[in-house]
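Read through the structure below, which is laid out as structure tokens, and then see the notes.
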Amino acid sequence: MLCVEDLLILEPFQHLPQGRLEWLCDRAQTVSLRVGDVLVHEGDPHRGLFILIRGQMVITRRSEGVEIPLGRHDAPAYFGEVQVLTDEPVPVTLRAITDCDLYEIEGDDFRKLVHECREFERMVFRLVERRLRGLESFIRGREKMAALGTLAAGLAHELNNPAAALVRALREMPAAILELQRMNLVYGQHQVEPEHTQLWIQARDAGNDAILTDRVDPVSLSDREERLLNWLEDYGVHQAWKVAEPLAEAGIEIETLEHLMQRWRNDPTEMREMGLHWLALSFEMMAMIKHGLRGAERISELVQSMKSYSFLDQGVQQEVDVHQGLEDTLRLFAYKLKQGIQVKRNYAPQLPTVFAYGSELNQVWTNLIDNAIDAMNGKGLLEITTHLKTHLIRVDIVDSGSGIPAEVQSRIFEPFFTTKPVGQGSGLGLETVRRIVENRHRGAILFESQPGRTCFTVCLPITQEHFNGLW
């Protein structure tokens, strides 16, 4: 049975009269746990107030499928008052890490004590505030890390293909260069007249230009390659299929080859087909350079997007291009969007910059776009519209997902409230959006939702004067 002495060890209970302490001890229920036993699971309905007399309990919360330790209760301690007072589900899991002796006080009994004794109430709410602040701070940090991990994974995914193309091009290039040098040396030894050499150079330059400018129609490429392959096989070229593909990509016609090969058609030496291999290898080299260059440009573009997204090397407040921030965010989410989401942009022309905290504003776009993608389960229409309204900019982010249930719409900006399953949402994403838009930027965020269409609207003041709240 719970003793008055056990309660008096805990500061808030020292403010209760003797009669109420004895009443509380009479109504407390005994709870015993062995090592590893779970008292409550995250997401469970709230129970009562727990008083830990002996033992230790660990506090955890699931994040991205992983159980994250938040802290620990060491006897003597009490907990559970937040859920009793707010009537919310349990936000954490409590597990015994030693054998534990506890007492449970019914929620109605605890609330009665709070209402009867003002000093007891004050002490309880002070602890409630401290615990909520600590939990919010921890989860906000986890949210930032999770967001960073999501963006890092997306960036790594997007960098993989261009990086692989660049590595492949650089790896194959040395052998190709050496072979071209050998061919050039052999050709020089035959003292070919300059006029004929010029014909080969012209064909090479025209083909390289076609490759760099993507001038050859890809629809007709297969037919062109087949025609060239037939001609090369008739001519007796070794491994004609290797030569046909680069010649086709360069837009080389059979008439051009006929003209170039007239001089060598009856030559029994290596020169009879070396020119064709030289031409094909030259085009392969240019294709390698083109693909490698495009890979490098894509890598540079992604790095620049990440730098712009995070506003590196810039002050805390900047003149921010909203369209650029939206595009940087979309680019970092490309790996999710390409799986089945169509993006429609309705950008206002000549939209002015806004004076803002750039990296925080991008966090707003990240949370809203990420939520929209989740709401559509990876398939649907994401529509982003910007408007200029006198001294403010308005951004609408619309998704074609299932919508937010009407019964919870009034709560979506509350801290820790989430419609996602346990372990998949912290309930701080939209609260963070509201805090950044309204508190940090003196703006406004609104939403409307129905099945098939959810629209979040962000309004931001344009100038520093408006930013400082004078609008």
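Rule-based calculations on the coordinates, nothing more; no lab input. These numbers were taken from a predicted model, which means no experiment stands behind them. Every residue, glycine among them, receives a Cβ derived from its backbone with ideal geometry; neighbour counts consider all protein chains shown.
Details
- Residues whose amide H lies under 5 Å from that of Ile393, counting only those 5 or more places away or on a different chain, are Leu460, Ile462; hydrogens are built 1.01 Å from N in the peptide plane.
- Neighbour count of at most 13 Cβ within 10 Å plus DSSP loop: longest trypsin sites (Lys or Arg not before Pro)-free window in the chain: 35-214
- Helix 118-189 vs. the chain, principal-axis angle (Cα, 0 to 90°, nearest 10): 10 degrees
- For the chain, the relative contact order is 12 percent, taking Cα pairs closer than 8 Å that sit 6 or more residues apart in sequence and dividing their mean separation by the residue count.
- The dipole here belongs to the range 4-116: it is taken about the Cα centre, uses +1 on the Cβ of Lys and Arg and -1 on the Cβ of Asp and Glu, and is about 200 debye.
- Angle in degrees between helix 322-332 and the longest Cα principal axis of the chain, rounded to the nearest 10: 80 degrees
- Dipole of the chain [Lys/Arg +1, Asp/Glu -1 at C-beta], most positive-end residue of Trp231, Ile369, Gly19: Gly19
- Cα convex hull, the range 336-385: 79 Å³ per residue, rounded to a whole number.
- Pairs of Cα atoms nearer than 8 Å and 6+ residues apart set the relative contact order; for the range 154-301 it is 44 percent.
- Alpha-carbon centroid distance for the pair the range 78-138 / the range 195-229, whole angstrom: 77 Å
- Relative to the compact-globule estimate of 2.2 N^0.38 Å, the Cα radius of gyration of the chain comes out at 1.53.
- Residue exposure proxy: Val216, Val320, Val66, ordered by other Cβ atoms within 10 angstrom of their Cβ from fewest to most, comes out as Val66, Val216, Val320.
- Calculated FRET efficiency for the pair His291/His259, C-beta based, R₀ 25 Å, to 0.05: 0.25
- In terms of its Cα atoms, the range 154-301 spans 58, 34, 25 Å along the principal axes, sorted from long to short.
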